[in-house]
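The values are calculated or read from the model by the stated rules, or taken from the named source; none is laboratory data. Because the structure is a prediction, the values reported are computed rather than measured. So basically every Cβ, Gly included, is an ideal-geometry build from the backbone, and we count neighbours across all protein chains shown. Calculation scope for accessible area: heavy atoms of the full protein, side chains included, ligands and nucleic acids excluded. Shrake-Rupley method; radii C 1.70, N 1.55, O 1.52, S 1.80 Å.
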Amino acid sequence: MREKILVLDFGSQYTQLIARRVREAKVYSEIHPYNMPLKEIISFNPKGIILSGGPASVYEKDAPIPEKDIFSLGIPILGICYGLQIICHLFDGKVSGAKKREYGSAFIKVLDNKDLFSGFQIGERLKVWMSHGDRVEEIPSGFVKLAESENSPFAAIANREKKIYGVQFHPEVVHTPKGMQILKNFLYHICSCKPSWSMSSFIEDTVKSIKEKVGKEKVICALSGGVDSSVTAALVNRAIGKNLICIFIDNGLLRKNEPDNVKKLFKETLDLNFHFVDAKKQFLTALKGVTDPEKKRKIIGELFIRVFEKKAKEFGNIRYLAQGTLYPDVIESVSFKGPSATIKSHHNVGGLPEKMNLKLIEPLRELFKDEVRRVGAELGLPRELLLRHPFPGPGLAVRIIGEVTEERLELVREADSIVVEEIKKAGLYEQVWQAFAVLLPVKSVGVMGDERTYEHVVAVRIVDSQDAMTADWSRIPYEVLERISNRIINTVKGINRVVYDISSKPPSTIEWE
């Protein structure tokens, strides 16, 4: 039976980080909204519960408060920041607005080194990350003080009899250098969890459950050549072998040599039941004359479904579709920040399950991206594939501003491959989030040899990011940018100017369309 930690989400920007840190300690965790009903919590059967931080104040009229009965279940609870304040508020302590708000680094002094601060010295000063406007003024009866800071007299508290703990700081962020040790103390000493959650145990459990669910039925999978769909295919293949039918559609909007590389990997190296559809002409015809980015996306999405459906019919009656939904997409649909009842449209292949009346197999829906990569490595997928940069669903169509033509695709494809090659040569590929070229809808005057030229302009976009929610332009060494520019202008006939995009997200987006 898998041991689980339940993270209740009160809207903190760090909630996903808490779940990830718990998993890094090799204990499985899941995020659920703060108002998860008590009976669901009981049936989830967690070994421990963590209450996340959040932007609210406990004394506000509509402050998010969990069911008080969770504290009577005998399950260890750790409240972080707002979570600590909830505990004090519900047990009749006193929480009020602090005279001095505490944001950023602070130092706490350890006053009690049992359980939560096991392994620390009494009197030891620990650097922590604070982010709160309220503070606990009085702790409830039955609680003891474990640590204090200059601005927070109760930086950590405990009621050992009820197994309830709270910290005012954020142990999950890197700015609290010893935060992981505090979390491990909660997981291992207080909740008695064993560090047994690993990618190999995940693969074993998932393969077993796919076999049980599918039996001898066939499963279809739309392969894109990206990380998520590739790992999904490899995992389902391990469970049902040739009963998995992988369909790869070449829409003509892919990167240089991509169709051949995908075919080689999945058909020859991994020996999957792989089917290749050449639909380049159909997509280019459908995109003729279209310049609006949303129209491009819609045309590509709808045509993809039509081509996929037509191919899928060749295999008779299929009931299951394997899809690479990841945990952040699942969280997005249930999180405190407002339930959006649907997973992002590009993840459910533009509505394929409903349209084709297929049941979903989503073997990665419990995993974060870094865990997906580790599963892929365990399954023997090449490192180069697993560390690939994200690529938009509509492909190079949204990296060509304006109409998509064969000639313009060739230009952006060549320029893009030079950007990636040079970033790899410089040893920067794994350090940046994305690196690519965008073909602009303008031409510029240039001089090549003794001749005046009037040719296309390419923008180079290289960004740093953790999760694509925010991103900053990469400070690439000038000599690398120089090599990229020289190679593109000298070898890609039709381009005579290269510019570097120095916009951050927000307000700009990573992709141009």
Quick one: which residues, 5+ away or cross-chain, put their amide H under 5 Å from the amide H of I361? H built at 1.01 Å from N.
L321, A322, Q323
How far apart, in nm, are two points set 7 Å out from the Cα along the Cα-to-Cβ line at D260 and at M469?
4.1 nm
Between the stretch 135-196 and the stretch 1-63, how far is it from one alpha carbon centroid to the other, in angstrom?
15 Å
How big is the antiparallel share of DSSP beta bridges in the chain, given as a percent to the nearest 5?
50 percent
Please give the Cα centre distance for the stretch 224-244 versus the stretch 448-479, rounded to the nearest Å.
34 Å
In whole percent, what relative contact order does the chain give with Cα contacts below 8 Å and a gap of six or more residues?
10 percent
Sum of side-chain charges, N317 neighbourhood, beta-carbon under 15 Å (Lys, Arg +1; Asp, Glu -1)
+3
Accessible surface, the chain, averaged per residue in Å² (probe 1.4 Å)
47 Å²
Only bridges with both residues in the stretch 360-513 count here: give the DSSP antiparallel percent, nearest 5.
70 percent
Let me see the pair-distance distribution of the stretch 13-77: every alpha carbon pair, 10 Å bin width, integer percents in order.
18, 50, 31, 2
Given a cut-off of 23 Å, name the pairs among K94/K145; K127/K162; K61/K109; K26/K178; K109/K184 whose C-alpha atoms lie farther apart than that in the structure shown.
K127/K162; K61/K109
Farthest toward the dipole's positive end in the chain, which of M36, Y454, P506, given Cβ charges of +1 (Lys, Arg) and -1 (Asp, Glu) about the Cα centre?
M36
Residue separation between I122 and Q13 times 0.36 nm, minus their alpha-carbon distance, gives in nm 36.1 nm
What 222 nm value per residue comes from the helices of the chain, counting each DSSP H run with n ≥ 4 as -39,500 (n - 2.57) and dividing by all residues, nearest 500 deg cm²/dmol?
-9000 deg cm²/dmol
For the stretch 1-115, the percent of accessible surface on carbon and sulfur atoms (probe 1.4 angstrom, ligands and nucleic acids excluded) is 48 percent
Read phi for every residue in the stretch 439-448 and hand back ³J(HN,Hα) as whole Hz from Karplus 6.51 cos²θ - 1.76 cosθ + 1.60, θ = phi - 60°, with x for Gly and Pro.
8, 8, x, 10, 10, 9, 7, x, 10, 10
May I ask you to derive the FRET efficiency for S105 and L38 from their Cβ-Cβ distance with R0 = 45 Å, giving the value to the nearest 0.05?
0.75
Here D for the stretch 174-213, in µm²/s, from Stokes-Einstein with a Kirkwood Rh over Cα pairs at 20 °C and 1.002 mPa s, works out to 173 µm²/s
With a 10 Å radius around each residue's Cβ, average the other Cβ atoms per peptide and rank 177-184, 376-383, highest first.
177-184, 376-383
Whole-Hz couplings from phi, Karplus 6.51/-1.76/1.60, listed for the stretch 38-49; x for Gly and Pro
4, 5, 6, 5, 4, 6, 5, 6, x, 7, x, 10
For the stretch 193-308, what is the convex hull volume of its Cα atoms per residue in Å³?
147 Å³
Taking the Cα centre of the chain as origin, work out the dipole magnitude from +1 charges on Lys and Arg Cβ and -1 charges on Asp and Glu Cβ, in debye rounded to 20.
840 debye
Computed magnitude of the charge dipole of the stretch 47-105 (debye, nearest 20; Cβ of K, R +1, Cβ of D, E -1)
260 debye
Could you list which residues have their amide H under 5 Å from that of N35, counting only those 5 or more apart in sequence or on another chain, with H placed in the peptide plane?
none
What percentages, rounded to whole numbers, describe P(r) for the chain computed over all alpha carbon pairs with 10 Å bin width beginning at zero?
3, 16, 24, 21, 18, 12, 5, 1, 0
Label-point separation, T491 to N317 (7 Å along Cα→Cβ), nm
5.4 nm
Sorted by average packing, counted as other Cβ atoms within 10 angstrom per residue and highest first, what order do 232-238, 257-263 take?
232-238, 257-263
Rounded to the nearest 0.05, what FRET efficiency do K68 and E137 give with R0 = 25 Å and r taken as the Cβ-Cβ distance? Could you check?
0.75
By DSSP, what percent of the beta bridges with both residues in the stretch 107-245 are antiparallel, rounded to the nearest 5?
85 percent
